[in-house]
Amino acid sequence: MATSDTRVVSVQRLSPGPGSRSLSEWWADERKNSTPESKAIEEAANLLRTSDIPVAFPTETVYGLGADATRSTAVQGIYKAKQRPSDNPLIIHIDSLEMLDRLLNPASSSPSITKTPRISIPEIYKPLIDRFWPGPLTIILPNPSGSELAPEVTSKLTTFGARMPSSPLARLLIHVTDRPLAAPSANASTKPSPTTAQHVHHDLKNRIDLILDGGASGVGVESTVVDGLCSPPAILRPGGIGIDELRQCAGWENVAVAYKDSALDIKDIPRAPGMKYRHYSPKARVVLFEGGSKEAGVTKHVRKDLSDSAVGAQTIGIVRTRNWKQGLGLAPDDIIASTVKPVDGAAIDNLTNFSIPVQQTGSSNSRTKLAYDYHLGSETESIAHGLFAALRALDEFDVDVIYVEGISDRDGDLAAAVMNRLRKAAGSELKAFLSHTSQSTSYFTMCKSPLHDFLHGLPKCEHHVHLEGCMSPELIFTLAERNNITLPDPATNPAYSSIAALTARYDHFSSLDDFLAFYFQGMAVLMNEADFADLAWWYFSKAHADGVHHAEVFFDPQVHIDRGIPYETVVNGFSQGCKRAESELGLSTRLILCFVRHLPVSSAADVYEKFISSGHFEAGVVHGLGWSSTELGPPKDMFRAQYADAAQRGIPLTAHAGEEGDPTYISTALELGATRIDHGIRLVEDPELMKRVVKQGTLLTVCPLSNVRLRCVSSVEQVPIRRFLEAGVKFSINSDDPAYFGGYILDNYCAVQEAHQLSVLEWRIIAENSVQQSWIEDSRKAELLEKIESYVKQHMVMEV
Ligand SMILES: Nc1ncnc2[nH]cnc12
Ligand SMILES: [Zn+2]
């Protein structure tokens, strides 16, 4: 730093404030009398206007490290002094509403007359400003176009946070500087917030020139940050002003809590649809059955859990909603009727329990297990109202597993909000015993990242998932039995001896082709339109639970046709799943037909002909084309004729390339008209091609867990995420074949975070590029970009 000697100058005499005088009158008197304090303030204001070294000054909360919020180099000086980088937004400190008005209307301070209407402070803030300003309250405002604020202050958000400090000294300094000041706390990065000039000196001596000493700060905690631009308004950060005080103000009665606070009980949080709920995770495992799951499938599943000692379910909880009957058929009705009894001392009324005789697997002994049963009622309101109380009450009785009957997302906003919270509580244990197939995931997300919750809620797009890659071993065995398909003989292929053996085999793929053999075998049990529809629905439900808003999904019709399933069966089934996801989950979807490279070109030509003659592209049923399967071996440009024809028809094109194959596979795909590359991780081997990809804005659909399982890289650390980010290569993060590779999209996001430690802003870039490069209408893109903006805003911590 330029400085070596930090001066502490007392301005304590000014601390009581101007009395009945205005700030300007007060300042005029001080200057006239040439007081030492006025000299110190003048010097500080001069430094703030001209130097890039910040000045420390007292506010009523803590000491702030002030810089001119309109100059980038000055704001950067704050982090130089703190000796750490940061991309969090900074709070702007103002002396008056006039200064705020000038910030909101930058054009009006220039002589060029524009006719843009003046922006005023949103009405919602008026009662708060009347009551709490000046004081420890920060409000979020729209950053106008042509804003004078340095980009470092807003962190590239379209909003900024402002507050008017009640400390007269702080306001006087801002007034004399005549600039809004960014002022996070004046401490070194690892130290607590400073409340005296001596604390500041201790932390920052020789790193800044001047500390104004105004005595001890009064409040000692940061300002409360509120966002009135969203509905309902939200508290982004707790601070000097409490939720109860805010709720007394008009328009703030239902203020939502948009930060995590373990001290806040869920019942304190208003239950309006569309707001953010705290992520409540019961101690017990929660198994959520999606709405519409058939009771017989559920009963079988729970019975299996109870008899399997490895599951460890001694005491279970059952939370019923619309359809499940008491006892869930786990024991004969007369046994349930004779043992069922009300539970005393429960935090909820009408909790009952009953006994279930259970035969343990591998043992002739039968044991009695205990089930707690709670009926939330069948109305959505009663379900929403009682849900968390029920989960908590069951937790108090130390149940091992809670089975919950979900409801349909289609039953209104409140129902969708209930399911959203339940899916979060259930984590990866989402089951769907649907009308036709049965499928569940057992992928266990061991995400240790502090950003896990952020990544979960971040609005995502998936561009690279094979619907046939979503068939779990459980589903393969179930459908094989139901559809009378013989799986490979375990004598020759031991992987097929059981679900567990097949699952274990997936840990040892030696290459893409080794995996593909299992993948093609797995999909060979899909026979009817309903099989395809249920599989697609399964994927979309899971993706929705992982925070996906838009999904573009691959399917391999040639492989199904090759085994005698008509093209129409496949497309109709998958398309039904897409429609259901759009209407029930609010997802937007796109089907992408993939040619496969292990079958002859003539087979691709046949399916292409069917696709064109069906009118599926024009009808919006199938939206684009891709190619996949074996990379090394067949000619790189084997679908040249089909891609040339499709490009001419304006059909969007993508291609699997640069997964196992070198960068020439990527350049060939681009040459054939692909505007997107699936995988593409080997792009880093050709810097010139990488520059071209950046220039053209080509999206890579990267699948980190897939790359590890197929041994394209040795670990997620080796996936060139940072190289792509630094070079400006656009990419999205995807799951590929989640049932085979150990995780769905959120697992992939978390794996990237653990390996590469990205910042919130880097995730924002990934999320935005994913939207921008999606094959959807501009209006949908705008909708998703807005979701990302408001989500990121709520998750950016204001720098203190
Ligand atoms: N990872 C992958 N690469 C090529 N083809 C595929 N088909 C399904 N998954 C694939
Ligand atoms: Zn793929």
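So which pairs qualify, if the first residue must be in region 130-158 and farther than 21 Å from Asn105 by Cα, the second must be among the hydroxyl-bearing types (Ser, Thr, Tyr) and part of a strand (DSSP E or B), the Cβ gap must be under 6 Å, and the two must be at least 6 apart or on different chains?
Leu137/Thr224
Taking the criterion of being surrounded by fewer than 20 Cβ atoms within 10 Å (Cβ to Cβ), in contact with a Gly (Cβ under 9 Å, 6 or more places away or on another chain) and touching a residue at least 40 places away in the same chain (Cβ under 8 Å), would at least one residue in region 775-789 satisfy it?
Yes, because at least one residue in region 775-789 is surrounded by fewer than 20 Cβ atoms within 10 Å (Cβ to Cβ), in contact with a Gly (Cβ under 9 Å, 6 or more places away or on another chain) and touching a residue at least 40 places away in the same chain (Cβ under 8 Å).
May I ask you to say which residue of Pro117, Pro127 is within 28 Å of Asp244 (Cβ to Cβ), outside the structural domain of Leu758 (by TED's automatic domain parsing) and surrounded by fewer than 24 Cβ atoms within 10 Å (Cβ to Cβ)?
Numbers: Pro117 fails: within 28 Å of Asp244 (Cβ to Cβ).
Result of the check over Pro117, Pro127: Pro127.
When only residues in region 623-635 that are more than 14 Å from ligand 1 (Cβ to nearest atom) and assigned to a loop (DSSP other than H, G, I, E, B) count, which is surrounded by the fewest Cβ atoms within 10 Å (Cβ to Cβ)?
Step by step, filter region 623-635, then rank; the result is Pro635.
Condition check: among the aliphatic types (A, V, I, L, M) and surrounded by fewer than 21 Cβ atoms within 10 Å (Cβ to Cβ). Does Leu591 satisfy that?
no
State yes or no: is Glu659 within 14 Å of ligand 2 (Cβ to nearest atom) and either among the charged types (D, E, K, R) or surrounded by fewer than 22 Cβ atoms within 10 Å (Cβ to Cβ) (or both)?
Numbers: within 14 Å of ligand 2 (Cβ to nearest atom): yes; either among the charged types (D, E, K, R) or surrounded by fewer than 22 Cβ atoms within 10 Å (Cβ to Cβ) (or both): yes.
Yes; evaluated as a whole, the condition is true for this residue.
Which condition number in (1) acidic (Asp, Glu); (2) free of Cβ contacts under 8 Å to residues at least 24 places away in the same chain; (3) closer than 16 Å to Asp213 by Cα is the one that Glu43 fails?
(2)
Give me the pairs, please: first residue somewhere in region 382-398 and surrounded by 17 or more Cβ atoms within 10 Å (Cβ to Cβ), second residue anywhere and in a helix (DSSP H, G or I), beta-carbon distance under 6 Å, and either six or more positions apart or on two chains.
These pairs meet every condition: Ile383/Val418; Ala384/Leu414; Ala384/Val418; Phe388/Ile266.
Which residues, taken from region 541-557, are crowded, with 24+ Cβ neighbours inside 10 Å and assigned to a helix (DSSP H, G or I)?
If the condition is that a residue be crowded, with 24+ Cβ neighbours inside 10 Å and assigned to a helix (DSSP H, G or I), then Ser541, Lys542, Ala543, Ala545, Pro557 are the ones that fit.
Do you know which of the residues in region 313-354 that are among the small types (Gly, Ala, Ser) and within 41 Å of the chain's Cα centre (by Cα) is modelled with the lowest pLDDT?
Among those that are among the small types (Gly, Ala, Ser) and within 41 Å of the chain's Cα centre (by Cα), it is Ala347.
Filter region 363-381 down to residues that are more than 19 Å from Thr352 (Cβ to Cβ) and touching a helix residue (DSSP H, G or I) at 6+ places or on another chain (Cβ under 8 Å) and give me whichever is surrounded by the fewest Cβ atoms within 10 Å (Cβ to Cβ).
Glu381
Looking at Arg709 and the list (1) more than 12 Å from ligand 1 (Cβ to nearest atom); (2) touching a helix residue (DSSP H, G or I) at 6+ places or on another chain (Cβ under 8 Å), which single condition is not satisfied?
(1)
It is to be established whether one or more residues within region 529-540 are surrounded by fewer than 24 Cβ atoms within 10 Å (Cβ to Cβ) and of a type in the set (A, V, I, L, M).
yes
Which of the following residues is surrounded by fewer than 22 Cβ atoms within 10 Å (Cβ to Cβ) and touching a Ser or Thr at 6+ places or on another chain (Cβ under 8 Å): Leu761, Leu725? Talk me through it step by step, then tell me what you get.
Values: Leu725 fails: touching a Ser or Thr at 6+ places or on another chain (Cβ under 8 Å).
Result: Leu761 is the single residue among Leu761, Leu725 that is surrounded by fewer than 22 Cβ atoms within 10 Å (Cβ to Cβ) and touching a Ser or Thr at 6+ places or on another chain (Cβ under 8 Å).
Return yes or no: is Arg692 farther than 15 Å from Pro635 by Cα, part of a helix (DSSP H, G or I) and within 16 Å of ligand 2 (Cβ to nearest atom)?
Judged against the criteria, Arg692 is not a match.
Yes/no matrix, rows are residues, columns are (1) within 16 Å of ligand 1 (Cβ to nearest atom); (2) closer than 18 Å to Ile721 by Cα; (3) touching a strand residue (DSSP E or B) at 6+ places or on another chain (Cβ under 7 Å):
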| residue | (1), (2), (3) |
| --- | --- |
| Ala657 | yes, yes, yes |
| Pro663 | no, yes, no |
| Ser667 | no, no, no |
| Ala674 | yes, no, yes |
| Asp678 | yes, yes, yes |
| Lys691 | no, yes, no |
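Identify all residues within region 563-609 that are closer than 19 Å to Thr630 by Cβ, polar (S, T, N, Q) and touching a helix residue (DSSP H, G or I) at 6+ places or on another chain (Cβ under 7 Å); write none if there are none.
Ser603, the sole residue that qualifies.
Could you give me the residue pairs with C-beta distances under 6 Å whose first residue belongs to region 511-523 and is in contact (Cβ under 8 Å) with a residue 24 or more places away in the chain, whose second residue is away from ligand 2 (no atom under 14 Å from the Cβ) wherever it lies, and which are 6+ apart or on separate chains?
Gly522/Met471; Gly522/Ile476
For the condition at pLDDT 90 or above and either among the aromatic types (Phe, Trp, Tyr) or out of contact with any strand residue (DSSP E or B) (no Cβ under 7 Å at 6 or more places or on another chain) (or both), what is the one hit in Lys80, Lys115?
Just a single option satisfies the conditions, and that option is Lys80.
Among the listed residues Ile666, Ile681, which satisfies the condition of being away from ligand 2 (no atom under 13 Å from the Cβ) and either of a type in the set (Val, Ile, Thr) or not assigned by TED's automatic domain parsing to the domain that holds Ser629 (or both)?
Within the list Ile666, Ile681, the selection yields Ile666.
Working only within region 574-622, note down all residues that are within 16 Å of ligand 1 (Cβ to nearest atom) and assigned to a loop (DSSP other than H, G, I, E, B).
Correct list: Arg597, His598, Leu599.
Across region 511-562, what is the number of residues that are over 30 Å from Leu785 (Cβ atoms), of a type in the set (Asp, Glu) and more than 14 Å from ligand 2 (Cβ to nearest atom)? Give the steps one after another, and end with the answer.
Quick first cut of region 511-562, residues over 30 Å from Leu785 (Cβ atoms) only: 511-535, 556-562.
Now restrict to residues that are of a type in the set (Asp, Glu): 513-514, 529, 531, 534, 556, 562.
Now restrict to residues that are more than 14 Å from ligand 2 (Cβ to nearest atom): 514, 529, 531, 534, 562.
So the count comes out to 5.
Can you tell me which residue in region 502-558 is farthest from ligand 1 (Cβ to nearest atom), limited to those that are over 18 Å from Leu746 (Cβ atoms) and among the polar types (S, T, N, Q)?
Asn528
Hey, Ser86 hits all of (1) touching a helix residue (DSSP H, G or I) at 6+ places or on another chain (Cβ under 7 Å); (2) surrounded by 17 or more Cβ atoms within 10 Å (Cβ to Cβ); (3) modelled with pLDDT under 95 but one; which does it fall short on?
Result: Ser86 fails condition (2) only.
Against the condition hydroxyl-bearing (Ser, Thr, Tyr) and touching a Cys at 6+ places or on another chain (Cβ under 6 Å), how does Ser628 come out, does it pass?
For Ser628, the condition - hydroxyl-bearing (Ser, Thr, Tyr) and touching a Cys at 6+ places or on another chain (Cβ under 6 Å) - is met.
Given Gly215, Gly146, which one is within 30 Å of Asp29 (Cα to Cα), surrounded by fewer than 20 Cβ atoms within 10 Å (Cβ to Cβ) and touching a helix residue (DSSP H, G or I) at 6+ places or on another chain (Cβ under 8 Å)?
Working: Gly146 fails: within 30 Å of Asp29 (Cα to Cα).
Gly215 is the lone residue from the list that is within 30 Å of Asp29 (Cα to Cα), surrounded by fewer than 20 Cβ atoms within 10 Å (Cβ to Cβ) and touching a helix residue (DSSP H, G or I) at 6+ places or on another chain (Cβ under 8 Å).
Got a sec? Which of Gly242, Gly228 is modelled with pLDDT of 80 or more, within 24 Å of the chain's Cα centre (by Cα) and of a type outside the set (A, V, I, L, M, F, W, C)?
Answer to the selection: Gly228.
Does Ala605 meet the test of being buried (at least 24 other Cβ atoms within 10 Å of the Cβ) and either under 22 Å from Ile733 (Cβ atoms) or not aromatic (Phe, Trp, Tyr) (or both)?
When the stated conditions are applied, Ala605 does not pass them.
Which of the residues that make up region 703-742 are away from ligand 2 (no atom under 16 Å from the Cβ) and part of a loop (DSSP other than H, G, I, E, B)?
Ser714, Ser715, Pro720, Gly728, Val729
The values are calculated or read from the model by the stated rules, or taken from the named source; none is laboratory data. What you see is a predicted model; the values in this text were computed from it and never measured. A quick note on method: Cβ atoms are made from the backbone with ideal geometry, for glycine too, and the neighbour counts reach across all protein chains shown.
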